[in-house]
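*Asks:* Below is the structure I would like to discuss, written out as structure tokens.
The values are calculated or read from the model by the stated rules, or taken from the named source; none is laboratory data. In this text, all values refer to a predicted model and were calculated from it rather than measured experimentally. Here the Cβ positions follow ideal geometry from the backbone for every residue, glycine too, while neighbour counts run over all protein chains shown.
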There are 2 protein chains.
Amino acid sequence: MKSDSRNTNSLTDTIFDQLQDAIIKGQLPQGSKISEPGLAKQYQVSRGTLREALSRLEEKQLVVRSPNIGASVVTLSLKELIDIYHIREALGAMACALAACNMSNDEIADLRRLLDEHEKSIQLDDGLSYYQHEGEFDFHYRILIGSRNSKVLDVLDGGLYQLIRMYRYQFSSDSSRPWQALKEHRRIVDAIEERDAELAGLLMRRHIQTARQRIEQQQEHQEQREVGQ
Amino acid sequence: MKSDSRNTNSLTDTIFDQLQDAIIKGQLPQGSKISEPGLAKQYQVSRGTLREALSRLEEKQLVVRSPNIGASVVTLSLKELIDIYHIREALGAMACALAACNMSNDEIADLRRLLDEHEKSIQLDDGLSYYQHEGEFDFHYRILIGSRNSKVLDVLDGGLYQLIRMYRYQFSSDSSRPWQALKEHRRIVDAIEERDAELAGLLMRRHIQTARQRIEQQQEHQEQREVGQ
DNA sequence: TAAAAATATATTGTCGACACTTTTTGCTTG
DNA sequence: CAAGCAAAAAGTGTCGACAATATATTTTTA
């Protein structure tokens, strides 16, 4: 999925997309220092252009910059990831409740079709595919749009979702239980279709909550390991 | 209040702060097109430097840029402002509940002192002062920090708060009922002190909700005016 | 006269170069 | 040999210039 809908002709856009991909996939390791002249030569662009791309990556929370020191790829601790999921929980629930009020019938029907496709995709390659993750994002994006609150999409797309993507690419050990998730998605759509805002919000909150709790379990394991050492 | 804690020696930082101020105060009118060469000459910096500052302003949602067309100062409709308040409601309540669990006793005592100062400030110049608005932000900032969720501060500080500031500077007709707000703030601190997360979250939600509802009333008036024409 | 094409102007996108800061390297000294 | 200082290397901050694109103006034509 493209992070932006506009045609990506400008050089800065291209370099930005490439770098975003490289960071999310871990080709640029977390915390690694970014040398502007180095990367500029590597990607065959001027340093100014790369600088602009770095600004946008900073905007998307994928790099951090310190004055006179330079840029580094972001490091994402489990604690921070959990923090993000807390936010996603609050905003996702809110957006879902709004979507139950504001989505058109056509949009809801489309959402159903998306879940059917999702189901097929799960049947085909059981579990761990790339497309499922992106499909999951697609589902949430549509609800965000259906909420008719443009700012909530700005917030979640402007940094938070990219970090979650990065985590999933680099650490997603579990197969994210696709069947369970699908079932939850269907229930959410049911609630939206019935225009039950409160229920829709609640279900979405729980859906994200379970995802968060899985990560928290992972964190506990990690802490136990650290204590053991 | 400085938007960033780091020493603002770099030229880009300076120009960024100045432009942010100009936009929030309305000296650069909403929707007005930004001429890069013009502004660069006006502020005595190179175009590249100004460009970097514009990138950061875009990050803070204060300017919008279209490829090959240029940058404009953001336009904030009442609808969008209400959208922002919905987000603030969800995240503020969440953060406040977390703060009730995570704030230290010292932090809570400091918060109380802040409210006492706030009260004095209200008594001095009754109502409409600049410092009260910023004091209000200060209060919310501290709770955000107390939540120990760094991302929620990133989200609200990265765009949303600046837009609210802009609105208040340019349209804040009502004096924001300082006494009422202070009372609500005190109740919130009470709940935090008692470590009652649920209540603290609820009170914060209501506090922001009332602010939102005042804006919604304003919106209704505006719509009536439009119908009348 | 009005619409469309072509030119001219202004603005944004991209680049390479220089100045200043930080980090590394190498040398001196106790 | 270690610690501290000095010089060099690398890197970031800033700038002005050229190329590509968009906007405004003028000219042409129906």
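*Asks:* Which of (1) in contact with a Lys or Arg (Cβ under 7 Å, 6 or more places away or on another chain); (2) at pLDDT 95 or above is the odd one out, the single condition B:VAL63 does not satisfy?
*Replies:* The failed condition is (1).
*Asks:* Let me ask another. Identify, from the list A:GLU52, A:GLU58, the residue that is surrounded by 15 or more Cβ atoms within 10 Å (Cβ to Cβ), in contact (Cβ under 8 Å) with a residue 24 or more places away in the chain and under 26 Å from B:ASP157 (Cα atoms).
*Replies:* A:GLU52
*Asks:* Among the numbered criteria (1) buried (at least 22 other Cβ atoms within 10 Å of the Cβ); (2) within 14 Å of chain A (Cβ to nearest Cβ), which single criterion is violated by B:ALA100?
*Replies:* Unmet for B:ALA100, out of (1) buried (at least 22 other Cβ atoms within 10 Å of the Cβ); (2) within 14 Å of chain A (Cβ to nearest Cβ): (2).
*Asks:* Could you check how many residues of the range A:43-74 are polar (S, T, N, Q), in contact with a helix residue (DSSP H, G or I) (Cβ under 8 Å, 6 or more places away or on another chain) and over 14 Å from A:SER10 (Cα atoms)?
*Replies:* Number satisfying all stated conditions: 2.
*Asks:* Filter the range B:56-82 down to the residues that are part of a helix (DSSP H, G or I), of a type in the set (A, V, I, L, M, F, W, C) and either touching an Asp or Glu at 6+ places or on another chain (Cβ under 9 Å) or within 12 Å of DNA strand D (Cβ to nearest atom) (or both) and list them by number.
*Replies:* B:LEU78, B:ILE82
*Asks:* Any residue at all in the range A:159-174 that's more than 13 Å from every other protein chain (Cβ to nearest Cβ), closer than 29 Å to A:ASN105 by Cβ and not hydroxyl-bearing (Ser, Thr, Tyr)?
*Replies:* no
*Asks:* While we're on this one: Does the range B:51-78 hold any residues that are facing another protein chain (nearest Cβ under 9 Å) and under 16 Å from B:GLN162 (Cα atoms), and which are they?
*Replies:* Answer for the range B:51-78, where residues must be facing another protein chain (nearest Cβ under 9 Å) and under 16 Å from B:GLN162 (Cα atoms): B:SER55, B:ARG56, B:GLU58, B:GLU59, B:GLN61.
*Asks:* For B:GLU89, are the conditions met, namely being among the acidic types (Asp, Glu), under 14 Å from the mean Cα position of the chain (by Cα), within 12 Å of chain A (Cβ to nearest Cβ) and part of a helix (DSSP H, G or I)?
*Replies:* For B:GLU89, the condition - among the acidic types (Asp, Glu), under 14 Å from the mean Cα position of the chain (by Cα), within 12 Å of chain A (Cβ to nearest Cβ) and part of a helix (DSSP H, G or I) - is met.
*Asks:* Could you figure out which of (1) charged (D, E, K, R); (2) free of Cβ contacts under 8 Å to residues at least 24 places away in the same chain; (3) within 22 Å of B:LYS79 (Cβ to Cβ) isn't true of B:ARG177?
*Replies:* Here B:ARG177 meets the rest and fails (3).
*Asks:* Has the range B:26-46 got any residue that is more than 14 Å from chain A (Cβ to nearest Cβ), within 16 Å of DNA strand C (Cβ to nearest atom) and in a strand (DSSP E or B)?
*Replies:* For the range B:26-46, residues more than 14 Å from chain A (Cβ to nearest Cβ), within 16 Å of DNA strand C (Cβ to nearest atom) and in a strand (DSSP E or B): present.
*Asks:* To continue, here is another question. Between a first residue in the range B:65-90 that is among the hydrophobic types (A, V, I, L, M, F, W, C) and a second residue that is within 9 Å of DNA strand C (Cβ to nearest atom), which pairs have beta carbons less than 6 Å apart while being 6 or more apart in sequence or on different chains?
*Replies:* Within 6 Å, the pairs are B:ALA71/B:ILE34; B:ALA71/B:LEU54; B:ALA71/B:ARG65.
*Asks:* Now, a different point. How do the pairs read when you match residues in the range A:9-27 that are on the phi > 0 side of the Ramachandran plot with residues anywhere that are surrounded by fewer than 16 Cβ atoms within 10 Å (Cβ to Cβ), using Cβ under 6 Å and keeping only pairs 6 or more apart or on different chains?
*Replies:* Note: pairs meeting the criteria are A:GLY26/A:GLN170.
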